[in-house]
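The values are calculated or read from the model by the stated rules, or taken from the named source; none is laboratory data. As the structure is a prediction and not an experimental result, all values here were calculated from the model. No Cβ is skipped: glycine too gets one built from the backbone with ideal geometry, and neighbour counts run over all protein chains shown. With ligands, DNA and RNA removed, areas are computed over all heavy atoms of the protein, side chains included. Shrake-Rupley method; radii C 1.70, N 1.55, O 1.52, S 1.80 Å.
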Amino acid sequence: DAGITQSPRYKITETGRQVTLMCHQTWSHSYMFWYRQDLGHGLRLIYYSAAADITDKGEVPDGYVVSRSKTENFPLTLESATRSQTSVYFCASRAGLEQFFGPGTRLTVL
Amino acid sequence: QKEVEQNSGPLSVPEGAIASLNCTYSDRGSQSFFWYRQYSGKSPELIMFIYSNGDKEDGRFTAQLNKASQYVSLLIRDSQPSDSATYLCAVKRAPPEGYSTLTFGKGTMLLVSP
C-alpha cells in the first residue's frame, strides 16, 4: 500500500537501551521529518532530511540520531534511552506544501 | 524563539454552530500557515493552508490570515460531532516551496456536542 508507515507501533524499553524507530514511505518524497508529541508541548521537530544523506537538527535533537541512506527510509535511533524520551513519535514526509504523517510510535521508557 | 500560540481549550460548541479557532505567531518572517486536525490517538492530517492576507474557504472550513496582527484563524461552519478533535496551527518561514520546517502550536481541542 502506498503511504508512510512506522514500526513498531508500540515499544516498551528500559533506560539505557538503544532503540530504533523505523519510518518508510512509498511516495519517494524528498523531505522527511521526525517529531515527538508530548502533553503540554505539542509537536516538536527532532530531525529532518531534505534528501538521502542530507539531515539536519530540529528543535529537540539531543539524544537522537538519524540516518537516511535511501530516500524511502528514515530511521530514528535513541542511543541510550531515557525516561524523558517517553513520547509518541511521528514520522512525516512532504510533497509541496503538505506534510503527510505516519501513524506514530508510542514509546515508553521504564 | 519562534512561537505559535493557541488556546488549549477545550472549545465546546453545539452541533450546527460556528467554531472559531485562533492562533498567533511571533515570527514576522512566517509566510505560510497551516491547520491540521488530529483525532485522539491518530496522526495529524492537513485541513488547509493559507499564505495571503484575507480569507480562504474550503467547504465548511475558512482560514483567515492577518499578517499585520500576526493572527490566523480557522472557522468551521455547521460544526458536526465528527469535527471533535484537536486542531493544530503550524507556520512556515520560507517561501511556500522553500527549504524549511513547520513550527506547530500546542493545539486547541474542539468538542462539538449533538
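Within chain B, what whole-number % of the accessible surface is contributed by carbon and sulfur, with the 1.4 Å probe and all protein chains included in the calculation? Can you show the working numbers first?
Numbers: 2680 of 5520 Å².
Of all accessible area on chain B, carbon and sulfur atoms account for 49 percent.
Report the relative contact order of chain A, percent, no decimals, based on alpha-carbon pairs under 8 angstrom and at least 6 residues apart.
On the way: 286 pairs, mean separation 39.1, N = 110.
Worked out over chain A, it gives 36 percent.
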Self-check item: Contact order normalised by residue count of the stretch B:3-60, Cα under 8 Å, 6+ apart, percent
Solution: 25 percent
Practice problem: Please work out the FRET efficiency for the pair B:S113 and A:D38, using the Cβ-Cβ distance as r and a Förster radius of 30 Å; give the result to the nearest 0.05. | Solution: 0.60
Self-check item: Gain on full stretching of the segment that runs from B:D55 to B:S8 - 0.36 nm per residue minus C-alpha separation
Solution: 14.6 nm
Quiz item: About the Cα centre of the protein assembly as shown, what is the dipole size in debye to 20, counting +1 per Lys and Arg Cβ and -1 per Asp and Glu Cβ, all else neutral?
Solution: 340 debye
Quiz prompt | Fraction of alpha-carbon pairs over 22 Å apart in chain B - percent | solution = 27 percent
Quiz item: Carbon-plus-sulfur fraction of the accessible area of chain A, 1.4 Å probe, in percent?
Solution: 48 percent
Quiz item: R0 = 35 Å: FRET efficiency of A:D53 with B:Q70, Cβ-based, nearest 0.05?
Solution: 0.45
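For A:D38, what is the net charge nearby, where nearby means another residue's Cβ is under 13 Å from its Cβ and Lys, Arg count +1, Asp, Glu -1?
Spelling it out: positives minus negatives among the neighbours equals +4.
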Practice problem: Rounded to whole Hz and in sequence order, give me ³J(HN,Hα) for the stretch A:71-86 from the Karplus expression 6.51 cos²θ - 1.76 cosθ + 1.60, θ = phi - 60°, writing x for Gly and Pro. | Solution: 4, 7, 10, 8, x, 10, 10, 9, 5, 8, 4, 10, 4, 5, 8, 5
Self-check item: Cross-link reach list, lysines versus B:K56, counting only Cα pairs under 27 Å and skipping chain neighbours closer than eight places
Solution: B:K2, B:K42, B:K67, B:K92, B:K106
Quiz prompt | Translational diffusion of the stretch B:1-64, µm² s⁻¹ [Kirkwood Rh, Cα pairs; Stokes-Einstein; 20 °C; 1.002 mPa s] | solution = 157 µm²/s
Practice problem: Report the trypsin sites (Lys or Arg not before Pro) located in the stretch A:23-110 that are in a DSSP loop and have at most 12 other Cβ atoms inside 10 Å of their Cβ, or state none. | Solution: A:K70
Quiz item: Where does chain A land on Rg(C-alpha)/(2.2 N^0.38 Å)?
Solution: 0.99
Practice problem: Select from the stretch A:1-74 those GluC sites (Glu not before Pro) which occupy a DSSP coil region and have at most 11 other Cβ atoms within 10 Å, ordered by residue number. | Solution: A:E14
Practice problem: Enter the Cα centre distance for the pair the stretch B:12-42 and the stretch A:51-110, rounded to the nearest angstrom. | Solution: 24 Å
Exercise. Using only Cα positions of the protein assembly as shown, each an equal point scatterer, no hydration layer, compute I(q)/I(0) via Debye at q = 0.08, 0.12 Å⁻¹ and quote the log10 values to two decimals.
Key: -0.29, -0.66
